[in-house]
Amino acid sequence: QAAGGHTILGHPDSLFVLFFTEMWERFSYYGMRGLLVLFLISETAKGGWGWSRADATSLYGWYTMLVYFTPILGGYVADKFLGTRRAVVLGGFIIAAGHISLFMETIPSFYLGLALVIAGTGLFKPNISAIVGQLYGKDNEGSRDGGYTLFYMGVNAGAFFGILLCGYIGEKISWNYGFGLAGIFMILGALQFYFSQSLFGDIGAPPVKGEKSAAAQADAEENLPANVVADRLKAIFVLAFFTIFFWFAFEQAGGSMTIFAADYTDRNLVGTSGLIFKIVNTLMTVIPAAILTWLLVQLHRGTGKRSPLPIVLLALAFAAIWGLIIWMLAREFSLDQSEVPATWFGVLNSFFLVILAPMFSKMWEKHWNPSGPIKFGVGLVLLGLGFAVLSYGASGIPPGAKTAQVSMMFLSLAYLLHTMGELCLSPVGLSYISKLAPARLLGLMFGVWFLNSAIANFIAGKTGAYIDYISATYSMSTFFLIFTLIPAGAGLVLMLLTPWMKKKMHGVH
Ligand code: GLN
């Protein structure tokens, strides 16, 4: 399929259809989830529900756990009945219905909305991740890690614009417009995928009744001994297990670093630094949008003639994004703002990711490509190092202090290290699942992979409140030190397991 077809950056152009579809889905997921707690705890006079922080974070913990639990069901259903492609289309529309339901802002429609997003993500997320791997075969195997890394750039481009735009509109205009915006882009994304399906040929087609499915046939042709299949499944479980440590610390970071940014970081901008911040902010917004627009143009050159409708939908969505960015920036420039918003740091992760992903993609393809457990180990250690920077930055804060004035640089550097760690582990993990799992279990194994995030989010939700306790009894620095040691320790153990893992993977690099 890929061979001979049009390529962009050396990858089949169908990869970029998946890239953009996933981008809009993640736009809606991260945009909505960024608003969720803020909306629930905001006073009723300000349109919120006036919940306590504890109740709101508990609902958030349940929600993010369930969103990553359902992929195991969605992956199974696709393997057995739907095929991955139909599951993505169906999941996309269910998610969109969920956001529209949240937009309506009544109590029953709110819970219905959450349930729909949870169910839809179960169908969408594991299966779109599975299709990416199916674009690579014997003739372009070497590009698989790089392809997943680019796909992951789409994930974070969506997160970036979702957090930025849904957040801005939700907080400054109205909560339900923030939710509604998430819904609109999800609809455009699902339609764009639906109309692009001819690009995929047999890939992800549903199993035919009474016939051996394409996946089962592929497995039969490959004819691996049962013990190899079993060993590789074991390797998947081990990788997924170590990833729990990563997402646990990472999701904790999301909450604790926002608190750190809000209470302990010097975000005052006096005089010209206010102007400089606005300029930096503008560049940070415009650069990712420009990169993506370039990709859109490339995609148009390859597929535009064959299938104009998806490109038109995509161009429409982009026009809307540019319009919103320009409107947001113009509005910000006219305001006399003298403080960096605490939520701004949250988008640094996806910003760094979009910028660094192409470099990592090239690095895996051309320069340095160690085996999976080593990459995972390095990723975990980098995450730990990010927390070490915070622990050092926070070392001057006395126990129990309510405020402090730590430099913003520590937070920014921590996000940079976290993002580099994420690039060594998360997209690489997707690539490994696609190489290790037999074709007939592909969706299900992606479900197993995402289960790590369900468990991590569950634990992070339960332990979220400890930041206050530990920083009052010991210190803020101790809190971050704990999160230095957990991932770094797990990373070192995994690196030690490399020889064992290599045996279990039976030649999969
Ligand atoms: N940022 C990734 C995504 O949303 C994280 C996935 C995960 O496994 N937690 O795709």
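Quick rundown of the values:
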{"read-out": "Tail weight of P(r) past 21 Å, computed on alpha-carbon pairs of segment 45-121, percent", "value": "36 percent"}
{"read-out": "Lysines whose Cα lies under 21 Å from that of LYS209, excluding same-chain neighbours fewer than 8 positions away", "value": "LYS80"}
{"read-out": "Phi-based couplings in Hz for segment 275-290 (Karplus 6.51, -1.76, 1.60; Gly and Pro marked x)", "value": "5, 4, 4, 5, 5, 4, 4, 5, 4, 4, 7, 6, 4, x, 5, 5"}
{"read-out": "Placed amide H near VAL406: partners under 5 Å, 5+ positions off or other chain", "value": "THR265, ASP266"}
{"read-out": "Relative packing of 322-335, 181-194, 391-404, 349-362, which averages over residues the other C-beta atoms within 10 Å, highest first", "value": "181-194, 349-362, 391-404, 322-335"}
{"read-out": "Residue-by-residue Karplus 3J(HN,Hα) for segment 105-115, coefficients 6.51, -1.76, 1.60, Hz, glycine and proline x", "value": "6, 9, 5, x, 5, 5, 5, 4, x, 4, 4"}
{"read-out": "Anchor LYS138: aspartates and glutamates whose Cα lies under 16 Å away (excluding residues fewer than 8 positions away in-chain)", "value": "ASP219, GLU221, GLU222, GLU365"}
{"read-out": "THR272 versus LYS46: modelled label distance in nm, points set 7 Å from Cα along the beta carbon direction", "value": "3.4 nm"}
{"read-out": "Label-point separation, LEU492 to ILE326 (7 Å along Cα→Cβ), nm", "value": "5.4 nm"}
{"read-out": "Mean residue ellipticity (222 nm) of the chain, computed from DSSP H runs ≥ 4 via -39,500 (n - 2.57), nearest 500", "value": "-25500 deg cm²/dmol"}
{"read-out": "Span from the segment 143-168 Cα centroid across to the segment 427-500 one, whole angstrom", "value": "20 Å"}
{"read-out": "Separation of the TYR474 and ALA205 label points, Cα + 7 Å toward Cβ, nm", "value": "5.8 nm"}
{"read-out": "Positive-end residue of LEU283, PHE387, LEU451, charge dipole of the chain with Cβ unit charges", "value": "LEU451"}
{"read-out": "Cβ-Cβ FRET estimate between PHE241 and GLU141, R0 fixed at 22 Å, reported to 0.05", "value": "0.25"}
{"read-out": "Nearby aspartates and glutamates by direct alpha-carbon distance to LYS366 (threshold 14 angstrom, same-chain neighbours under 8 apart not counted)", "value": "GLU141, ASP145"}
{"read-out": "Relative contact order (%) - criterion: Cα under 8 Å, at least six apart; region: the chain", "value": "26 percent"}
{"read-out": "Farthest positive-ward along segment 351-505 dipole, Cα basis, beta-carbon charges - from LEU492, PRO370, LEU411", "value": "PRO370"}
{"read-out": "19 Å reach of a label modelled at ARG306, 7 Å along Cα-to-Cβ, counting backbone N of segment 114-142", "value": "131-141"}
{"read-out": "Per-pair calculated FRET efficiency, R0 = 22 Å: GLU339 and LYS402 via Cβ, rounded to 0.05", "value": "0.80"}
{"read-out": "C-alpha long axis of helix 144-161 to longest principal axis of the chain, angle in °", "value": "40 degrees"}
{"read-out": "Cα shape, segment 222-315, gyration tensor, a/c 1.5 rule", "value": "oblate"}
{"read-out": "Restraint check, LYS375/LYS504; LYS125/LYS435; LYS125/LYS278; LYS212/LYS502, Cα-Cα greater than 26 Å", "value": "LYS125/LYS278; LYS212/LYS502"}
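Every number in this text was worked out from the coordinates using simple rules, so none of it is lab data. Every value quoted in this text rests on a predicted model; they were computed, and no experiment measured them. For neighbour counting, all protein chains shown are included, and Cβ atoms are generated from backbone atoms with ideal geometry for every residue, glycine included.
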